[in-house]
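Structure first, commentary second.
The values are calculated or read from the model by the stated rules, or taken from the named source; none is laboratory data. Here the structure is a predicted model, which is why all the values come from computation and not from measurement. Positions of Cβ are generated from backbone atoms using ideal geometry, with glycine treated the same way; all protein chains shown enter the neighbour counts. What goes into the accessible areas is simple: the full protein's heavy atoms, side chains included, and nothing from ligands, DNA or RNA. Shrake-Rupley method; radii C 1.70, N 1.55, O 1.52, S 1.80 Å.
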Amino acid sequence: MKRPMLSNEQVEILSDDSSSSDADNDVLMSQQLNDDPSIELSSEAWLFRRAKSYQDYMKLIPIPTKRGTVIPYTSWTGLGSSMKKIYEQPLHYLTNIHLKQLDQERLGAEDEDVPLDMIIHPSKAEASIWLIEEVHRRTSSPHHLAQVWTADPMYHSFIDAVFPKLGS
(Lines give C-alpha, C1' and ligand atoms only; values in the text may rest on other atoms or scores of the structure.)
Protein backbone atom coordinates (compact mmCIF):
# COMPACT_ATOMS: atom_id res chain seq x y z
CA MET A 1 0.00 0.00 0.00
CA LYS A 2 1.48 3.30 -1.05
CA ARG A 3 1.35 6.32 1.22
CA PRO A 4 1.10 9.83 -0.14
CA MET A 5 4.36 11.68 0.33
CA LEU A 6 4.48 15.15 1.80
CA SER A 7 6.34 17.34 -0.63
CA ASN A 8 9.27 18.78 1.33
CA GLU A 9 7.05 19.50 4.30
CA GLN A 10 8.17 18.87 7.83
CA VAL A 11 6.03 18.59 10.89
CA GLU A 12 7.04 20.61 13.91
CA ILE A 13 5.23 19.71 17.12
CA LEU A 14 3.83 22.44 19.30
CA SER A 15 2.13 21.79 22.60
CA ASP A 16 -0.47 24.18 23.90
CA ASP A 17 0.23 23.82 27.60
CA SER A 18 -0.93 27.35 28.28
CA SER A 19 -4.19 27.99 30.02
CA SER A 20 -5.70 29.79 27.05
CA SER A 21 -9.37 29.15 26.66
CA ASP A 22 -11.18 27.47 23.79
CA ALA A 23 -12.62 30.90 22.99
CA ASP A 24 -9.12 32.22 22.32
CA ASN A 25 -8.46 29.27 20.03
CA ASP A 26 -11.79 29.89 18.28
CA VAL A 27 -10.88 33.52 17.63
CA LEU A 28 -7.49 32.51 16.22
CA MET A 29 -9.05 29.77 14.07
CA SER A 30 -11.78 32.17 12.96
CA GLN A 31 -9.18 34.71 11.87
CA GLN A 32 -7.30 32.03 9.94
CA LEU A 33 -10.42 30.63 8.28
CA ASN A 34 -11.97 33.92 7.26
CA ASP A 35 -9.51 35.73 5.02
CA ASP A 36 -11.93 38.61 4.46
CA PRO A 37 -13.06 39.90 7.88
CA SER A 38 -15.80 42.00 6.27
CA ILE A 39 -17.72 38.82 5.33
CA GLU A 40 -20.06 37.52 8.01
CA LEU A 41 -20.52 33.74 8.00
CA SER A 42 -23.54 31.88 9.32
CA SER A 43 -22.75 29.54 12.21
CA GLU A 44 -23.22 26.52 9.91
CA ALA A 45 -20.89 27.95 7.26
CA TRP A 46 -18.31 28.90 9.88
CA LEU A 47 -18.45 25.42 11.43
CA PHE A 48 -18.10 23.78 8.01
CA ARG A 49 -15.06 25.93 7.18
CA ARG A 50 -13.55 25.05 10.54
CA ALA A 51 -14.22 21.33 9.94
CA LYS A 52 -12.72 21.55 6.44
CA SER A 53 -9.64 23.33 7.73
CA TYR A 54 -9.28 20.79 10.55
CA GLN A 55 -9.66 17.83 8.19
CA ASP A 56 -7.25 19.26 5.61
CA TYR A 57 -4.73 19.87 8.38
CA MET A 58 -5.09 16.37 9.84
CA LYS A 59 -4.46 14.85 6.39
CA LEU A 60 -1.02 16.46 6.37
CA ILE A 61 0.14 14.78 9.58
CA PRO A 62 1.86 11.47 8.83
CA ILE A 63 1.02 8.37 10.83
CA PRO A 64 4.15 7.25 12.73
CA THR A 65 5.81 4.30 11.03
CA LYS A 66 8.50 3.60 13.61
CA ARG A 67 6.79 2.07 16.56
CA GLY A 68 8.09 -0.47 19.00
CA THR A 69 7.23 0.82 22.41
CA VAL A 70 4.94 -1.44 24.39
CA ILE A 71 2.60 0.94 26.19
CA PRO A 72 0.89 -0.38 29.33
CA TYR A 73 -2.71 0.79 29.57
CA THR A 74 -5.91 0.21 31.49
CA SER A 75 -8.37 1.98 29.17
CA TRP A 76 -8.62 2.91 25.50
CA THR A 77 -8.59 6.63 26.26
CA GLY A 78 -5.57 6.10 28.50
CA LEU A 79 -3.74 4.34 25.68
CA GLY A 80 -4.67 7.17 23.31
CA SER A 81 -3.32 9.76 25.76
CA SER A 82 -0.05 7.86 26.11
CA MET A 83 0.29 7.60 22.32
CA LYS A 84 -0.20 11.36 21.96
CA LYS A 85 2.61 11.99 24.45
CA ILE A 86 5.01 9.41 23.01
CA TYR A 87 4.53 10.37 19.35
CA GLU A 88 3.90 14.07 20.05
CA GLN A 89 0.95 14.38 17.74
CA PRO A 90 -2.80 14.67 18.08
CA LEU A 91 -5.38 12.02 17.43
CA HIS A 92 -8.30 12.92 15.20
CA TYR A 93 -11.50 14.11 16.88
CA LEU A 94 -13.35 11.03 15.59
CA THR A 95 -10.65 8.71 16.96
CA ASN A 96 -10.94 10.35 20.38
CA ILE A 97 -14.72 9.83 20.30
CA HIS A 98 -14.22 6.21 19.21
CA LEU A 99 -11.85 5.52 22.12
CA LYS A 100 -14.32 7.04 24.56
CA GLN A 101 -17.08 4.82 23.16
CA LEU A 102 -14.89 1.72 23.48
CA ASP A 103 -14.35 2.53 27.16
CA GLN A 104 -18.09 3.04 27.69
CA GLU A 105 -18.83 -0.32 26.06
CA ARG A 106 -16.80 -2.05 28.81
CA LEU A 107 -18.99 -0.69 31.60
CA GLY A 108 -20.83 -3.59 33.18
CA ALA A 109 -18.77 -6.28 31.43
CA GLU A 110 -17.63 -9.20 33.57
CA ASP A 111 -13.98 -8.25 33.00
CA GLU A 112 -14.53 -4.51 33.46
CA ASP A 113 -12.05 -4.36 36.35
CA VAL A 114 -9.28 -6.17 34.41
CA PRO A 115 -6.73 -3.82 32.84
CA LEU A 116 -7.14 -3.84 29.07
CA ASP A 117 -3.49 -4.67 28.48
CA MET A 118 -4.18 -8.03 30.15
CA ILE A 119 -6.96 -8.73 27.62
CA ILE A 120 -5.56 -7.20 24.41
CA HIS A 121 -1.82 -7.05 23.81
CA PRO A 122 -0.61 -3.42 23.86
CA SER A 123 1.00 -3.71 20.40
CA LYS A 124 -2.26 -4.92 18.85
CA ALA A 125 -4.26 -2.22 20.61
CA GLU A 126 -1.87 0.51 19.48
CA ALA A 127 -1.85 -0.79 15.91
CA SER A 128 -5.66 -0.79 15.85
CA ILE A 129 -5.77 2.83 17.02
CA TRP A 130 -3.29 3.90 14.34
CA LEU A 131 -5.36 2.10 11.71
CA ILE A 132 -8.53 3.89 12.84
CA GLU A 133 -6.59 7.16 13.00
CA GLU A 134 -5.41 6.73 9.42
CA VAL A 135 -8.99 6.13 8.25
CA HIS A 136 -10.20 9.25 10.08
CA ARG A 137 -7.34 11.46 8.86
CA ARG A 138 -7.51 10.37 5.25
CA THR A 139 -11.21 9.76 4.57
CA SER A 140 -13.43 11.73 6.96
CA SER A 141 -15.75 14.24 5.36
CA PRO A 142 -15.77 17.82 6.62
CA HIS A 143 -19.56 17.73 6.16
CA HIS A 144 -19.77 14.80 8.56
CA LEU A 145 -17.46 16.51 11.06
CA ALA A 146 -19.55 19.69 10.92
CA GLN A 147 -22.74 17.67 11.52
CA VAL A 148 -21.21 15.85 14.48
CA TRP A 149 -19.84 19.09 15.91
CA THR A 150 -23.24 20.76 15.54
CA ALA A 151 -24.80 17.98 17.62
CA ASP A 152 -22.04 18.14 20.26
CA PRO A 153 -21.67 21.55 21.89
CA MET A 154 -18.60 20.25 23.77
CA TYR A 155 -16.77 19.00 20.68
CA HIS A 156 -13.78 21.20 21.58
CA SER A 157 -12.96 18.87 24.46
CA PHE A 158 -12.17 16.05 22.02
CA ILE A 159 -9.90 18.11 19.75
CA ASP A 160 -6.36 17.66 21.02
CA ALA A 161 -4.36 20.62 22.26
CA VAL A 162 -1.17 19.32 20.60
CA PHE A 163 -1.04 20.65 17.06
CA PRO A 164 1.93 20.06 14.79
CA LYS A 165 3.09 23.19 13.01
CA LEU A 166 3.62 22.42 9.34
CA GLY A 167 6.48 24.29 7.76
CA SER A 168 8.91 24.15 4.88
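Just a few scattered comments:
- In the full protein context, the range 88-151 carries 54 Å² of accessible surface per residue, based on a 1.4 Å probe and ignoring ligands, DNA and RNA.
- Estimated vicinal HN-Hα couplings, Hz - the range 52-63 in sequence order (Karplus 6.51, -1.76, 1.60; Gly, Pro = x): 5, 4, 4, 5, 4, 5, 5, 5, 7, 8, x, 6
- Cα→Cβ-extended label distance, 7 Å offset, between V70 and E112, nm: 2.9
- Compared with the direct C-alpha span, the chain from E88 to L41 gains 13.6 nm at full extension, assuming 0.36 nm per residue.
- Over the range 34-111 - Rg/Rh using Cα atoms and the Kirkwood inverse-distance radius: 1.13
- The modelled label-to-label distance between M154 and S123, using points 7 Å beyond Cα along the C-beta direction, is 3.7 nm.
- Most to least packed among 117-125, 131-139, 84-92 [average Cβ atoms within 10 Å]: 84-92, 131-139, 117-125
- Across the range 68-73, coupling constants 3J(HN,Hα) worked out from phi with the 6.51/-1.76/1.60 Karplus curve, θ = phi - 60°, read x, 7, 8, 9, x, 7 Hz, and Gly and Pro carry x.
- Listed residue pairs exceeding 21 Å between alpha carbons, taken from K66/K124; K59/K124; K52/K124; K85/K124: K59/K124; K52/K124
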